[in-house]
Amino acid sequence: MTLYRPRSLATPRSSFFLFGPRGTGKTTWVRHEYPDAHRVDLLDEALYQSYLADAGRFAGELQAIAQGRWVFVDEIQRLPNLLNEVHRHIESGGLRFILTGSSARKLKRSGVNLLAGRATHTRMYPFLPHELGTDFDLETVLRHGSLPVVWNADDRTAALRSYVQLYLKEEIKGEALVRNLAGFARFLPVAALFHGQTLNVASAARDAEVSRTTLAGYVEILEDTLVAFRMPAYDPKLRVRERKHPKLYWVDPGLARAAAGRFRELDPRERGALFEGWIATVLSSYRDYHGAFDEMYYWAPARARDTEVDFLLLRDGKSIAIEAKASARIHDRHLAGLRAVAPLPGLQRRILTYAGSRRMRTPDGIDIWPVPDLLEALQSDRLW
């Protein structure tokens, strides 16, 4: 039996959606935090088919539940029309709902009532370092990722292979998200190669042998199934215009490697993108779990194509610039982007986080932090 690891996610007191990729531990977390909740498991095929044939059965089940109790509907995206009954029972004040899902696509496209203002939206991420505690190891995370379903597996490589296969079979084919499954399968390794980069749509479409329009739709599917996200370029609307193309990040380094068909030891050429992508996910986690900042961008002035800063965090009109380097040693060239961004109005701090062990500060005020120092600042809300 796998030992339960406490998660950073707060436990809401009113109805909420909980989204996250398959294998992030949503169901495990809900069962632990809300042990008395009445569960409706839409992965149970018999139950799913019964509700599909007659949604009134769901309404009848809700009527039989005691007032004030929590109701846990697992994989709500499989039957979005059930949200009408959820809405009705929230309005009556009788029940509170936990609505989990690994895809927002069918919910968005179905035009159903998404309970605006009546249920908050929360997201779950792979394990964070402090959730893993003494088991955390950066090299292991960069190679295999930290999705709970993979981390807890006896054979992590086999678990990653299975994850990609099940993602195609259950999430994509099973939910009928694409018409051409073969085209989407060709697209996945191509998208993995753009991890941590601006997505060249024309090049990616050519490599995947699909049209540009189709490829753009595939990227949306990655986002809607929560396995990847795009980060926009910062646009302060100043005289120096910023590049508009967003960067693509997979939510987990192990998943990015698996999509690319990479399962062996880390290649040094992979480390930079994997490390940057992992930092992007860690930052996103602290934003969504703890409100560490409001928005996140990357900064790249169009006049200097080789100059950028990986992350620009915004909160209350102020900003922090963060550069991520997988190297154990820092060279002067690593600081070019942070020096270029210095005149940005409202900039409070410039940080370079890296895989080394020494904490330093440059004469011009750039903080150089080992990964644990950045994590500690995020955890204790002392980043600002």
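The values are calculated or read from the model by the stated rules, or taken from the named source; none is laboratory data. As the structure is a prediction and not an experimental result, all values here were calculated from the model. No Cβ is skipped: glycine too gets one built from the backbone with ideal geometry, and neighbour counts run over all protein chains shown. These accessible areas exclude ligands, DNA and RNA; they are computed on the full protein's heavy atoms, side chains included. Shrake-Rupley method; radii C 1.70, N 1.55, O 1.52, S 1.80 Å.
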Counting residues that are at pLDDT 95 or above, which helices (runs of 4 or more DSSP H) fully inside the stretch 201-308 reach at least 3?
-> 253-259, 268-290
Would you call residue 294 of a type in the set (Asp, Glu), open to solvent by 50 Å² or more (accessible area, probe 1.4 Å) and farther than 23 Å from residue 151 by Cβ?
-> yes
If you take the residues in the stretch 342-375 that are among the charged types (D, E, K, R) and open to solvent by 20 Å² or more (accessible area, probe 1.4 Å), which one is farthest from the chain's Cα centre (by Cα)?
-> 364
Check residue 383 against each of (1) in contact with a Leu (Cβ under 6 Å, 6 or more places away or on another chain); (2) open to solvent by less than 20 Å² (accessible area, probe 1.4 Å) and name the one condition it does not meet.
-> (1)
Looking at the stretch 270-287, is at least one residue among the aliphatic types (A, V, I, L, M) and surrounded by fewer than 18 Cβ atoms within 10 Å (Cβ to Cβ)?
-> no
Just wondering, is there one or more residues in the stretch 23-41 that are under 27 Å from residue 223 (Cα atoms), of a type in the set (Gly, Ala, Ser) and surrounded by 15 or more Cβ atoms within 10 Å (Cβ to Cβ)?
-> yes
Among the residues of the stretch 117-148, count how many are modelled with pLDDT of 95 or more, of a type in the set (Val, Ile, Thr) and either over 20 Å from residue 229 (Cα atoms) or in a strand (DSSP E or B) (or both).
-> 2
Please indicate, with yes or no, whether at least one residue in the stretch 224-241 is open to solvent by 20 Å² or more (accessible area, probe 1.4 Å), over 28 Å from residue 279 (Cβ atoms), over 17 Å from the mean Cα position of the chain (by Cα) and of a type in the set (D, E, K, R).
-> yes
Number of the exception - residue 79 against (1) open to solvent by less than 10 Å² (accessible area, probe 1.4 Å); (2) at pLDDT below 95; (3) closer than 24 Å to residue 255 by Cβ = (3)
Has the stretch 332-341 got at least one residue that is over 21 Å from residue 269 (Cα atoms), part of a strand (DSSP E or B) and open to solvent by less than 30 Å² (accessible area, probe 1.4 Å)?
-> no
Kindly indicate which of 56, 94 is farther than 30 Å from residue 151 by Cβ, at pLDDT below 90 and open to solvent by less than 60 Å² (accessible area, probe 1.4 Å).
-> 94
State yes or no: is residue 323 of a type outside the set (Ser, Thr, Tyr), closer than 20 Å to residue 196 by Cβ and open to solvent by 40 Å² or more (accessible area, probe 1.4 Å)?
-> no
